[in-house]
Amino acid sequence: MVTLSSDSRPIIGHGPALGARFFFLAIASIALMVADHRGGYMEVTRSWLQTAVNPLYVVVQVPGQFWGWLTGSFSDRSRLRTENAQLNDELRTARVKLLRFDALTEENRRLRAIRNASQGMGERTLIAEIVRVDVDPYRHRVRINKGSQDGVFKGQPVLDAFGIVGQVTRVDEIGAEIILISDNEHATPVQVNRNGIRSIAVGTGDIHRLNLPFLTIESDVKPDDLLVSSGLDGIFPAGYPVATITKVERDPSATFAVVEARPLAQLDRAREVLLLWVDPSTQPAPPAPAVKPARPAPSTAPASPPPTTASPATTEPTSAPEASDEPTTPPPP
Amino acid sequence: MADGGSSGLRITITTLLALIFAIAPLPDVMNQAKPPLLLLLVIYWSLSAPRIAGLMFAWMCGFAIDVVKGPLFGQHAVAYLLIAYLTHKFQLRMRIFPIYHQTLTVFMLLALYEFVVFWIDGIIGPAVTGWMRWVPVITGTLLWPLLVAVLDTWNRARR
């Protein structure tokens, strides 16, 4: 039984009646929801409030950071030494690869200049750390510790060492929120690296699974095919690895095959992610308004596109993928 | 109301703690079963200190949750408001319920809250329909008697 702690005065007869107060506040919150959802008028307010609650995030970080410091300062010397040696090895091999890659990049740029193609490689990156806060267990969103102070902007692509992680949905002064590609409101335009078939990889809400709903049963995909970003959304630059196909099921009576893929980025494990600035002059203008986000801004394409949107994704695979204006960038090694 | 100030202090402290609990990361399974502690506190303070913890307080708490987690401003705010309204409406009865009866009522309130949030989710986009979504209702209900015991003890000691 709850004891009445502070006030034993009668609560009736002070101020407006309970029902009236409820009514006004409910109207206020519904107005707020509409303004936020339909109009998007709340961006500035949200960024301010997010900045204001940042101390809370800092407090939540403290135990984890303390634990990290503790294990770091007590880990033994020999382990650190082996780790160091291993990292040195990796660095050496990576350097050798990078030498080759530099040459290839240069060659690629020259060839592109000859072809007068607009797709470029001019990119800048910044490492951001994922802030360990629970945003919502049912939405695959994470917070990072870089915000508009560092030039982060809404719709910015985010990668890790293995592939595309997601894109920035909200920015405030000192932090930003990322939507992961596995969120069920997110869709990534992809193409099969082997033959250039284009499609859309829709998040499922399961961190290890993406769905490719717009591949016909005749389309040439098979398990272990690599999916790379196609760059058609104007958000993700072309040619970055996204996922590998895990399952293809063709039911002869159906129009579309059931195709599932597994994201390559370590969505559940990564601590650090890479923010990417694509040079705007070298980035092609988004060609099709069909894959532009409407208003779930996070999605690069609506999760369930209307028929008009679905048609390019479904009909194009049968057309020749090597159309002259189609940039096919090789993925970075 | 000599102790109004101290009661307000208690409300502030517990609210802040609950807000921190709401964003603290737990291991994955526990994260999904995390009880809505702030909502339980709103119910508790609405019963225990209805003049301080009014509808505005509940609305602010819900709005705070919107700021730290929600995809949309006003979603949790309106759900909190509805729960606080029902609690205030039935506070005279709820306060004298035996604890099991009260727990059952809280269970229904939490289920209603989860439903409202789920409903608004469904309006603005594809909602998650897994059964795990309803686990916080159970954990929250189980937490209620404990919360009442702890806070009542504290309130009596500070009276």
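The values are calculated or read from the model by the stated rules, or taken from the named source; none is laboratory data. From a predicted model like this one, the values you see are computed outputs, not experimental measurements. For neighbour counting, all protein chains shown are included, and Cβ atoms are generated from backbone atoms with ideal geometry for every residue, glycine included. For accessibility, only protein heavy atoms count, side chains too; no ligands or nucleic acids. Shrake-Rupley method; radii C 1.70, N 1.55, O 1.52, S 1.80 Å.
Go through the residues of segment B:128-141 one by one and say whether even a single one is more than 23 Å from A:Ala26 (Cβ to Cβ), touching a Lys or Arg at 6+ places or on another chain (Cβ under 9 Å) and free of Cβ contacts under 8 Å to residues at least 12 places away in the same chain.
Looking for residues that are more than 23 Å from A:Ala26 (Cβ to Cβ), touching a Lys or Arg at 6+ places or on another chain (Cβ under 9 Å) and free of Cβ contacts under 8 Å to residues at least 12 places away in the same chain, one finds at least one in segment B:128-141, hence yes.
Go through segment B:136-149 and give me each residue that's open to solvent by 30 Å² or more (accessible area, probe 1.4 Å) and within 12 Å of chain A (Cβ to nearest Cβ).
Of everything in segment B:136-149, those that are open to solvent by 30 Å² or more (accessible area, probe 1.4 Å) and within 12 Å of chain A (Cβ to nearest Cβ) turn out to be B:Pro145, B:Ala149.
Suppose we filter segment A:220-235 for residues that are in contact (Cβ under 8 Å) with a residue 60 or more places away in the chain, part of a loop (DSSP other than H, G, I, E, B) and not acidic (Asp, Glu); how many remain?
2
Quick test of your reading of the structure: B:His76 fulfils all but one of (1) within 8 Å of another protein chain (Cβ to nearest Cβ); (2) in contact with a Gly (Cβ under 7 Å, 6 or more places away or on another chain); (3) not in a loop (DSSP other than H, G, I, E, B). Name the failing condition by number.
For B:His76, the failing item is (1).
Going through A:Asp183, A:Asp224 one at a time, which residue ends up being of a type in the set (Asp, Glu) and touching a His at 6+ places or on another chain (Cβ under 6 Å)?
So the residue among A:Asp183, A:Asp224 that is of a type in the set (Asp, Glu) and touching a His at 6+ places or on another chain (Cβ under 6 Å) is A:Asp183.
Within the set of pairs 6+ apart or on separate chains, which have a first residue in segment A:45-73 that is within 10 Å of chain B (Cβ to nearest Cβ) and more than 19 Å from B:Leu26 (Cβ to Cβ), a second that is part of a loop (DSSP other than H, G, I, E, B) and at pLDDT 80 or above, and C-beta atoms under 6 Å apart?
Listed pairs, sorted by first residue: A:Gln50/A:Asp172.
Out of segment B:96-124, which residues are outside any helix (DSSP H, G or I) and closer than 16 Å to B:Pro35 by Cα?
Listed by number, the list is empty, since nothing qualifies.
Among the strands (runs of 3 or more DSSP E) confined wholly to segment A:240-299, which include 2 or more residues that are among the charged types (D, E, K, R), exposed (fewer than 15 other Cβ atoms within 10 Å of the Cβ) and modelled with pLDDT of 85 or more?
Strands (runs of 3 or more DSSP E) meeting the threshold: A:241-249.
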